[in-house]
1. Can you give the net charge of the other residues whose Cβ lies under 15 Å from the Cβ of Ala248, counting K and R as +1 and D and E as -1?
2. Quick check on packing: order 165-174, 45-54, 256-265 by the mean number of other C-beta atoms within 10 Å, highest mean leading.
3. Between Tyr283 and Ser267, 0.36 nm times their residue separation minus their Cα-Cα distance comes to what?
4. Name the long-range amide H neighbours of Ala102: under 5 Å, sequence gap of 5 or more, or other chain; modelled H, no Pro or chain starts.
5. Please figure out what share of the DSSP beta bridges in the stretch 105-251 is antiparallel and state it in percent, rounded to the nearest 5.
6. Which of the aspartates and glutamates could a cross-linker span from Lys108 if the Cα-Cα distance has to be under 19 Å and same-chain partners fewer than 8 positions apart are dropped?
7. Full extension from Glu134 to Lys50: what is 0.36 nm times the residue separation minus their Cα-Cα distance, to one decimal in nm?
8. Check Lys202: other-chain or 5+ apart residues with amide H under 5 Å from its amide H, H built from backbone geometry?
Amino acid sequence: MFQNFKMPGSVGAFVFLSVLFISIHLVSTLIGKTKKYRFSRRYQIRRLPKGVKIKKGRRPRKNRYILNYPFWASSKKDGTADLRMRDNEIIWGKSFLFVDGAVLEFDKPYELLGVVKDLRRQGVEIQLSKEEKEKYAKLKKKRAFFAQGYDIQKIIDSYEEHPTDFEKLCALLFQKMGYHTQVTAKSNDGGYDIVLWKNQSKAIVECKCYSAGNKIGRPAIQKLVGANNTALADGMVFITTSEFSSYAVSYAKEAGVELVDGRRLLSLFHEYLFTEEQGGGVYEEECYLEVSDLRPYVPEDIYEDYFVQC
């Protein structure tokens, strides 16, 4: 069948090869989109990030993931870019997620975390990563410290310098109380830290880990009420490890804001989290990584440019 086929000239060859390359690329793109669509539909999760590639692999004994972090081709001792070097560039290592025989390849580690979070919400079991095991060990050490006998001051000492961790702790408290929770991203928190859902009702929560003498005043409550003009939640909750001023209390009653001070918060922790049965234990979901947990692993200038907005 090739007897009458003539090799095209140089221009024709270029056109032929260009069309062939474009055709292969289009077919490859279409196959990739189909795989991502099937994966998203199978697990009932949102659409996968644009750059994700899916390959077929051997079914692992346990679903797991591996994170690799970006670094500068030329860096200073602290890992940030060496500005003396021209054409310095960020090297992005591939991160991998292994799920039921599928291998997902990600360019950005924070994109992988988003997919892992979606899968876990759908009940897919994914083994704790190396970073999550490290987080587990730190939390267990901190929880064992509380189990020895703790008060609100110990909580302040542990979380005052780590407000994001305090928000996660409060979110976990609400989970144990039967709520679905979502901690808002720092770059777009809208004036509140946690969103709660229960029985088709929605509430927003602001959390402040302050020392006992730092009372919450009326302006802070007003800010939460103002935020709800956009959030349109059915309820508002303000949590602090300290206390509320009398003006804050009276305004909160008028505005319908539920206040949780340090004394009540400690009581709730006793009842739902730091129970005698649990002792120094840690709930596995507490160890699940958030983008903010990646900060120690990423050069500060790269984190600020790429990770903060996630």
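The values are calculated or read from the model by the stated rules, or taken from the named source; none is laboratory data. As the structure is a computational prediction, the values presented were derived from the model and not from experiment. Cβ: placed from backbone, ideal geometry, glycine included. Neighbour counts: every protein chain shown. These area figures cover heavy atoms from the full protein model, side chains too; ligands, DNA and RNA do not enter into them. Shrake-Rupley method; radii C 1.70, N 1.55, O 1.52, S 1.80 Å.
1. Details: positive: Lys208, Lys215, Arg218, Lys223, Lys253, Arg264; negative: Glu206, Glu243, Glu254, Glu258, Asp261.
Summing Lys/Arg as +1 and Asp/Glu as -1 gives +1.
2. On the way: 165-174: 21.8, 45-54: 15.0, 256-265: 16.5.
Highest mean packing first, the order is 165-174, 256-265, 45-54.
3. Working: separation 16, 0.36 × 16 = 5.76 nm, distance 1.90 nm.
In short, 3.9 nm is gained.
4. Here the answer is Gly57, since their amide H atoms fall under 5 Å of that of Ala102.
5. Details: 9 of 16 bridges.
Percent antiparallel among DSSP bridges in the stretch 105-251 is about 55.
6. Cross-link targets: Glu89, Asp118, Glu131, Glu132, Glu290, Asp293, Glu300, Asp301, Glu304, Asp305.
7. Working: separation 84, 0.36 × 84 = 30.24 nm, distance 2.99 nm.
Additional length available on full extension: 27.3 nm.
8. Result for Lys202 returns Asp234, Gly235.
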